[in-house]
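Mind looking over this structure? Questions follow.
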Amino acid sequence: MAKIKLGDRVRVKDQPGWPIPPGYRLANAEGTVVKWLEYEDPMVEFQNYILVKLDKAQGDAKVYIGNSFFFREENLVKL
């Protein structure tokens, strides 16, 4: 698996075991890996997390389009 980098397009993996409905709302949402410049120093403890700005989502997750969320790399698929 290729390492995810700044600017990459990614899709959020589904989380097994989440009850359906509502299930995991952000499953299959897509976005771009971004860097959180304003808070770089305080976020040093979260280096293993990737900040993704969502631009595509389905169902209940549509309200999150345009927002950024942190994910672990193993919960993302590079597109």
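Out of everything in the stretch 34-50 that is surrounded by 13 or more Cβ atoms within 10 Å (Cβ to Cβ) and closer than 13 Å to Asn75 by Cβ, what residue ends up being modelled with the highest pLDDT?
Here the answer is Ile50.
Moving to a separate point now. Restricting to the stretch 53-71, what's the tally of residues that are modelled with pLDDT under 95 and within 8 Å of the chain's Cα centre (by Cα)?
Matching residues across the stretch 53-71 total 4.
Being at pLDDT below 95 and of a type in the set (Gly, Ala, Ser) is the filter here; which residues of the stretch 3-28 pass it?
Within the stretch 3-28, Gly17, Gly23, Ala27 qualify.
The values are calculated or read from the model by the stated rules, or taken from the named source; none is laboratory data. What you see is a predicted model, and the numbers here were worked out from it, not measured in a lab. Please note: Cβ atoms are built from the backbone with ideal geometry, for glycine as well, and neighbour counts cover all protein chains shown.
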